[in-house]
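> Below is one structure. I have some questions about it.
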Amino acid sequence: MEILIKNGYVYDPLNKVNGEIMDIAIKDGKIVESSEINLRKAKIIDASRKVVMPGGIDIHSHVAGPKVNTGRIMMVSEHYRSYMRSHHPLRRSGTGKYTPSTFLTGYRYARMGWTMVVEPASPPLKTRHTHEELNDIPILDKACLILVDSNRILLNYLDRKDHDGCKMFIKWLLMATKSYGLKLVDPGTAVLWSWGKGYGLDVDDKIEPYNITPGDIIKELCKIRAELKLPHPIHLHCNRLGIPGNYETTLKTMKYAPADDKVTLHLTHLQFNAYAGDSWANIGTGSETLTKYVNANNNLSIDIGQIDFGTAVTMTADAPFEFALFHMARWKWTGIDVESEAAAGIVPYKYKKKNLVNALQWCIGLELALLVKDPWRVMITTDHPNGAPFTRYPKIIALLMSRRFREKMFAKLNRRSVKRAVLPSIEREYSLYEIAVVTRAAPARLLGLDNIKGHLGVGADADVAIYDLNPEEIDFSKDYQSVIKAFKRALYTIKSGNVVVENGKVINDSCSKTFYVDFKSPPEEQFLNELREEFKRWYTIELANYVINESELGHAKPIYVGG
Ligand SMILES: [Zn+2]
């Protein structure tokens, strides 16, 4: 299929295009020169007075795997109210408002103009399930990160200071699970949780019975990531999440990032790790200290983990935190142990505007986005479905673009929280160009996929969003409602050169693929023999059954790396 998008205001930060009126030509799923398409055959889209951007990329959103599925089951009452009928042959049916089913996940992202999502926390043992669900999510390109923060085999290597063994194991694990990168959640905590401990483990505390600390795990895995030349930096959920005063732990953790001019450590949903004070009563914001450090150090990037008010479903491999939250929320809880690899907890939660802590959390997320000066190192997330469903992105975009909108919100919030927050004193408003950076270009670069994703230059995948928004006529600061409206329903979403959304409606659900890293040289036989023995000791399944074949991925897209 050939498409010519004519006369749109194009926002393409990776190619330094800032709202220029341009044509974008598409052929065989890729962006091409306009001269390369046959104008008599091509579909012409008139984008005059509209905004054209690359498709959105979500760097951190829990959309697939056993934890997400358990969340869906826990929120079954919501399914009744959010049922979407099938529309044969255009789309399948689906349910779920806060933890939507796989099909609905794809459709809702595409409707907003998003074309790729990263599932950030898959226990390796359960990654077959994760891939089965990722295969089911239509339209979007996908990738998953595996949890390696509390893996017993890995911790044994680390404890023995066996760097080569550790590296070989990580390489094998990525190949065996067809994953894209490494995720650390509260390193070491799940080990302690096996004995009912682990809540509040700090970055320099010892992880009994091992002679290592969370800091050692972070340092060693950052080194291995660099040696294996993995495209995405270590993706870290810091220790002591959700505990007042945790910003000091976060600051200490930031210092473990290897020095470099490029990002070596990504700190995810930082809002949950940016609290000052030492109790829920005197909780404050740590955003200024943390962003000051991020601004001074190019080796760090963050995503915000913004909350929005209303129901959310918190789910994390930080199992002891969820157990503590269960006692605060007094609603529902699930705790899961994944053999010798990880743990998880799930607690549905309601964020309230008049609650001091919740209102302050809301302020802190926006403070982080507005105080980090370099938009290439900050990304918008809600840690879906933890802070809010991903469908709130249009609202968050509008809040970043409009001080007036933020001020209107202050009147509805807990008054003490507004006094303690820094947000009221921040005047900055994001430009549309900066929005294109934080939702498209920056995540593509952080994934190491910026040669084909997150831009509209020749050779890029033809993932494009067109929004009904005229930047010449609309003052985004005043008319933030039109920003929300435009981003809620894209005029067009084009995925791999196919029109998948038109006038906010899904009309085609094909063309998704799953990225994973692969290596040209497989691990040595001797290492595998040793590992087979380890599996007999530690696992309920044989090593051979653990390995996921490429044929188990819907449309596999390996990225070969060096090392
Ligand atoms: Zn998360």
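> Looking at the range 57-70, I want the residues that are at positive phi and have a partner that is assigned to a strand (DSSP E or B) and buried (at least 24 other Cβ atoms within 10 Å of the Cβ) with Cβ atoms under 9 Å, at least 6 apart or on another chain. Which pairs are those?
Final answer for the pair search is GLY65/GLU119; GLY65/ALA121; GLY65/SER122; GLY65/CYS144.
> Then there's this: Do the conditions hold for MET53, that is, is it at pLDDT 95 or above, of a type in the set (A, V, I, L, M, F, W, C), open to solvent by 30 Å² or more (accessible area, probe 1.4 Å) and more than 16 Å from the ligand (Cβ to nearest atom)? It would help to see each step written out before you state the result.
Working: at pLDDT 95 or above: yes; of a type in the set (A, V, I, L, M, F, W, C): yes; open to solvent by 30 Å² or more (accessible area, probe 1.4 Å): no; more than 16 Å from the ligand (Cβ to nearest atom): yes.
Considered against the rule, which asks whether it is at pLDDT 95 or above, of a type in the set (A, V, I, L, M, F, W, C), open to solvent by 30 Å² or more (accessible area, probe 1.4 Å) and more than 16 Å from the ligand (Cβ to nearest atom), MET53 comes out as no.
> Among the candidates LEU104, LEU125, single out the residue that is hydrophobic (A, V, I, L, M, F, W, C), more than 16 Å from the ligand (Cβ to nearest atom), under 23 Å from LEU182 (Cα atoms) and not in a strand (DSSP E or B).
Going through LEU104, LEU125 in turn, the sole match is LEU125.
> Can I ask one more? Restricting to the range 40-64, name every residue that is hydroxyl-bearing (Ser, Thr, Tyr) and under 20 Å from THR391 (Cβ atoms). Don't jump to the end; show me each part of the working.
Looking only at the range 40-64, we keep the residues that are hydroxyl-bearing (Ser, Thr, Tyr), and these are 48, 61.
SER61 - this is the single residue of the range 40-64 that is hydroxyl-bearing (Ser, Thr, Tyr) and under 20 Å from THR391 (Cβ atoms).
> Only one residue in ARG416, ARG392 is open to solvent by 10 Å² or more (accessible area, probe 1.4 Å), in a helix (DSSP H, G or I) and within 16 Å of the ligand (Cβ to nearest atom), so which one is that? Explain how you work it out, then say what you get.
Values: ARG416 fails: within 16 Å of the ligand (Cβ to nearest atom).
Answer to the check: ARG392.
> Further, regarding this structure: Name the single residue that is farthest from SER61 (Cα to Cα) among those in the range 174-196 being in a helix (DSSP H, G or I), open to solvent by less than 10 Å² (accessible area, probe 1.4 Å) and away from the ligand (no atom under 16 Å from the Cβ).
Of everything passing the filter in the range 174-196, VAL191 is farthest from SER61 (Cα to Cα).
> Being under 27 Å from the mean Cα position of the chain (by Cα), part of a strand (DSSP E or B) and β-branched (Val, Ile, Thr) narrows it down to one residue among ILE26, ILE21, ILE3, ILE57; which is it?
Values: ILE26 fails: under 27 Å from the mean Cα position of the chain (by Cα); ILE21 fails: under 27 Å from the mean Cα position of the chain (by Cα); ILE3 fails: under 27 Å from the mean Cα position of the chain (by Cα).
Only one candidate passes the filter, namely ILE57.
> If you don't mind, another one. Which residue pairs have Cβ atoms under 7 Å apart, sit 6 or more places apart or on different chains, and have a first residue in the range 170-198 that is farther than 18 Å from ALA324 by Cβ and in the same structural domain as HIS269 (by TED's automatic domain parsing) and a second that is in a helix (DSSP H, G or I) and of a type in the set (D, E, K, R)?
These pairs meet every condition: LYS178/GLU550; LEU182/ARG225.
> When you look at LYS354, is it away from the ligand (no atom under 16 Å from the Cβ), assigned to a loop (DSSP other than H, G, I, E, B) and open to solvent by 30 Å² or more (accessible area, probe 1.4 Å), yes or no? Reasoning before the result, please.
Values: away from the ligand (no atom under 16 Å from the Cβ): yes; assigned to a loop (DSSP other than H, G, I, E, B): yes; open to solvent by 30 Å² or more (accessible area, probe 1.4 Å): yes.
Taking the combined requirement at face value, the residue satisfies it.
> Given the condition without any contact (Cβ under 8 Å) to a residue 12 or more places away in the chain, assigned to a helix (DSSP H, G or I), in the same structural domain as LYS262 (by TED's automatic domain parsing) and among the polar types (S, T, N, Q), answer yes or no: does some residue in the range 423-432 qualify?
Yes, some residue in the range 423-432 is without any contact (Cβ under 8 Å) to a residue 12 or more places away in the chain, assigned to a helix (DSSP H, G or I), in the same structural domain as LYS262 (by TED's automatic domain parsing) and among the polar types (S, T, N, Q).
> So, one more: Out of ASP12, ASP28, ASP46, which single residue is out of contact with any Cys (no Cβ under 8 Å at 6 or more places or on another chain) and either of a type in the set (Gly, Ala, Ser) or surrounded by 15 or more Cβ atoms within 10 Å (Cβ to Cβ) (or both)?
Numbers: ASP28 fails: either of a type in the set (Gly, Ala, Ser) or surrounded by 15 or more Cβ atoms within 10 Å (Cβ to Cβ) (or both); ASP46 fails: either of a type in the set (Gly, Ala, Ser) or surrounded by 15 or more Cβ atoms within 10 Å (Cβ to Cβ) (or both).
One residue alone meets the criteria, ASP12.
> Please give the number of the condition ILE397 fails out of (1) over 20 Å from GLU427 (Cβ atoms); (2) more than 16 Å from the ligand (Cβ to nearest atom); (3) open to solvent by less than 10 Å² (accessible area, probe 1.4 Å).
Result: ILE397 passes all but (1).
> While we're on this one: Just to be sure, is THR115 outside any strand (DSSP E or B) and polar (S, T, N, Q)? Outline the logic, then answer.
On the way: outside any strand (DSSP E or B): no; polar (S, T, N, Q): yes.
No, not satisfied.
> Moving to a separate point now. Please specify each residue of the range 219-230 satisfying the condition of being closer than 18 Å to THR268 by Cα, in contact with a helix residue (DSSP H, G or I) (Cβ under 9 Å, 6 or more places away or on another chain) and either modelled with pLDDT under 95 or open to solvent by 10 Å² or more (accessible area, probe 1.4 Å) (or both).
Residue satisfying the conditions is ARG225 alone.
> Name, by its number, the condition in (1) in contact with a Lys or Arg (Cβ under 7 Å, 6 or more places away or on another chain); (2) within 16 Å of the ligand (Cβ to nearest atom); (3) not in a loop (DSSP other than H, G, I, E, B) that does not hold for THR382.
Checking THR382 against (1) in contact with a Lys or Arg (Cβ under 7 Å, 6 or more places away or on another chain); (2) within 16 Å of the ligand (Cβ to nearest atom); (3) not in a loop (DSSP other than H, G, I, E, B), the one that fails is (3).
> Related question: Restricting to the range 449-491, name every residue that is among the polar types (S, T, N, Q), part of a loop (DSSP other than H, G, I, E, B) and open to solvent by less than 30 Å² (accessible area, probe 1.4 Å).
Within the range 449-491, the subset among the polar types (S, T, N, Q) is 451, 470, 477, 481-482.
Now drop any that are not part of a loop (DSSP other than H, G, I, E, B), which leaves 451, 470, 477.
Residues satisfying the conditions are ASN470, SER477.
> For the range 305-325, state whether one or more residues are surrounded by 24 or more Cβ atoms within 10 Å (Cβ to Cβ), assigned to a strand (DSSP E or B) and of a type in the set (D, E, K, R).
Within the range 305-325, not a single residue is surrounded by 24 or more Cβ atoms within 10 Å (Cβ to Cβ), assigned to a strand (DSSP E or B) and of a type in the set (D, E, K, R).
> Tell me, which residue of the range 70-98 that is surrounded by fewer than 19 Cβ atoms within 10 Å (Cβ to Cβ) and under 25 Å from SER179 (Cβ atoms) is farthest from the ligand (Cβ to nearest atom)?
For the range 70-98, the residue satisfying everything is ILE73.
The values are calculated or read from the model by the stated rules, or taken from the named source; none is laboratory data. On a predicted model such as this, the values are computed, not experimentally measured, just so you know. Glycine also receives a Cβ, built like all others from the backbone with ideal geometry; neighbour counts cover every protein chain displayed. SASA here: full protein model, heavy atoms, side chains in, ligands and nucleic acids out. Shrake-Rupley method; radii C 1.70, N 1.55, O 1.52, S 1.80 Å.
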